[in-house]
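A.B. asks: Mind looking over this structure? Questions follow.
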Amino acid sequence: MKATRIVQGFFIGVIVAMVILFIFIFPADSPPSEVPQHPLFLLINTDNAASHSLMVTVSDPAGNELFRKNYMLSPGEKRESEIVTGKSPVAYTFAISINNRTVSDEVLILGPTNVAIIEIQSDNRSEWVTYSIADLTSKSSRQV
């Protein structure tokens, strides 16, 4: 009888230890193991009256060209880049030419959850771009 209670106590102890170990290995609020990749930038032609030709060049901090592409954007058109965000923050240099005129060189620090938003704007006299960065981190996983 006493031996049976010792064996039962042993098995209960093993089960409790396994539950505690499981909780430490797989915590309930653990972040996802892999961050989804997003396009590095989004182009938006906010000019609703005219199409614009854009040359986008992206370079890394060492000045190595990572990407160069010409886009023709219709009025109101949006395009995502073919290149995606990296796994850690990087200071990318964006060089933008609109209608064969260089209008902007900008350094943006983008990481796995950030996307550069590049808006093309114009009036009767000139064209320009504005930059913003969208944070795609879900609100529930942001640290305050």
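A.B. asks: At what distance in nm do the modelled label points of GLN37 and ALA95 sit from each other, each positioned 7 Å from its Cα along Cα→Cβ?
C.D. replies: The modelled label-to-label distance comes out at 2.5 nm.
A.B. asks: In whole angstrom, how far apart do the alpha carbon centroids of the range 84-106 and the range 34-54 sit?
C.D. replies: 12 Å
A.B. asks: If I model a spin label at ILE83 and ALA134 as a point 7 Å from the Cα along the Cα→Cβ vector, what separation in nanometres do I get?
C.D. replies: If labels sit at ILE83 and ALA134, their model points lie 1.9 nm apart.
A.B. asks: With +1 on each Lys and Arg Cβ and -1 on each Asp and Glu Cβ, how big is the dipole of the range 41-137 about its Cα centre, in debye rounded to the nearest 20?
C.D. replies: Its charge dipole is roughly 140 debye.
A.B. asks: Shifting gears a bit: Remind me, relative contact order of the range 41-137 in percent, using alpha carbon pairs under 8 angstrom and six or more residues apart?
C.D. replies: 29 percent
A.B. asks: Rounded to the nearest 0.05, what FRET efficiency is calculated for MET72 and ASP123 with R0 set to 22 Å and r the Cβ-Cβ distance?
C.D. replies: For R0 = 22 Å, the calculated efficiency reads 0.60.
Values in this text are rule-based calculations from the coordinates and carry no lab data. Keep in mind the model is a prediction, meaning the values are calculated, not measured. Glycine also receives a Cβ, built like all others from the backbone with ideal geometry; neighbour counts cover every protein chain displayed.
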